[in-house]
1. Using a simple spin-label model with points 7 Å from Cα along the Cα→Cβ vector, what separation in nm is obtained for Asp149 and Asp165?
2. Need the full-extension length gain, Leu120 to Gln135, defined as separation in residues times 0.36 nm minus the C-alpha distance. One decimal, nm.
3. Does region 112-229 come out rounded, prolate or oblate by the C-alpha gyration tensor, with a ≥ b ≥ c the root eigenvalues, rounded set by a/c under 1.5 and, if not, prolate when a/b is larger than b/c and oblate if not?
4. Rank Leu205, Ala166, Gln188 by how far each Cα sits towards the positive end of the charge dipole of region 112-229 (+1 on Lys, Arg Cβ; -1 on Asp, Glu Cβ) and give me just the farthest.
5. Under the Kirkwood approximation for Rh and a Cα-based Rg, what ratio Rg/Rh is obtained for region 125-186?
6. Taking 0.36 nm per intervening residue step and subtracting the Cα-Cα distance, what contour gain separates Thr111 from Ile209 on full extension?
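Bear in mind that the values in this text are calculations on the coordinates, not laboratory data. Because the structure is predicted, anything quoted here is derived from the model rather than measured. No Cβ is skipped: glycine too gets one built from the backbone with ideal geometry, and neighbour counts run over all protein chains shown.
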Amino acid sequence: MKILPALTLVSSCLALLLGAYAIFSPTNKTGMNHSAPNTELLSLQNEVAHLSAAIKALQNTQTTGTVSESLSAEVSQLKATVDALKRTQATATVALADSIVSNDPPAKMPTAAEMNAQMLEQKAAFNQYTAKVDQSFRAEMPDAKWSDDITQNVKTAFASSELSDASLIGLECRTSLCKLEVSVKDPQKTQEIQRWLAYKLGDALPKFIAVPQDASAEGQTPSTVYYLSREGHDLPKS
């Protein structure tokens with residue numbers, strides 16, 4: 001048997017055993033305690049020592065170009081155990097991963113009451129912010145030239161066939177903000193209308209916030225109020 005293949009095989013077996021030893025050791029890289037039976041560790045330690053000696057012996061015989069009968073027999077036996085070692089290492093790795101997962105504390109799911117409280121808190125914060133935006137809008141003095149031009153642009157946009165399902169029921173522009181109220185026959189098309197508005201008016205009014213309105217009377221079409229900021233201006237900060 002040639003030395004190079006034999007040496008390669010023995011080295012591979014040693015690497016496998018070292019990997020398995022690392023997995024079965026009482027404390028691995030995770031810092032968690034995964035104790036294995038002492039017999040497993042002792043067996044792996046003995047195999048590592050044995051293979052280390054075999055590698056040294058093979059290296060010492062490189063000048064002859066062949067391996068002694070005893071070492072040749074040992075290498076043949078190692079060939080039969082390589083697959084078993086690979087399976088052992090793979091199984092141990094999976095077991096380690098399962099053990100780590102099982103030690104993680106389960107995620108705590110919020111209760112219905114907690115979720116409801118969170119929703120109410122978010123709604124209150126949104127209402128507070130939109131009230132601030134409306135207050136800022138009302139405090140502005142109109143920029144006559146800009147407000148007239150942008151008002152006409154908005155009316156022209158709503159006259160197009162793409163917005164046939166939407167009705168413009170309120171429109172006012174001041175210095176840096178416009179306020180639109182829009183009703184939609186089919187509420188499911190509200191987002192489609194919003195995307196179209198952003199496409200049609202995005203250059204002049206690039207930023208907006210939508211505030212759904214509750215229908216004030218039974219059978220009345222619900223509407224949405226939009227606050228849109230003029231190009232070069234931001235919406236009021238929250």
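1. Between Asp149 and Asp165, the label points sit 3.3 nm apart.
2. Computed gain between Leu120 and Gln135 is 3.2 nm.
3. oblate
4. Looking along the dipole axis, the top candidate is Leu205.
5. 1.04
6. Taking 0.36 nm per residue and subtracting the Cα distance, the gain is 32.2 nm.
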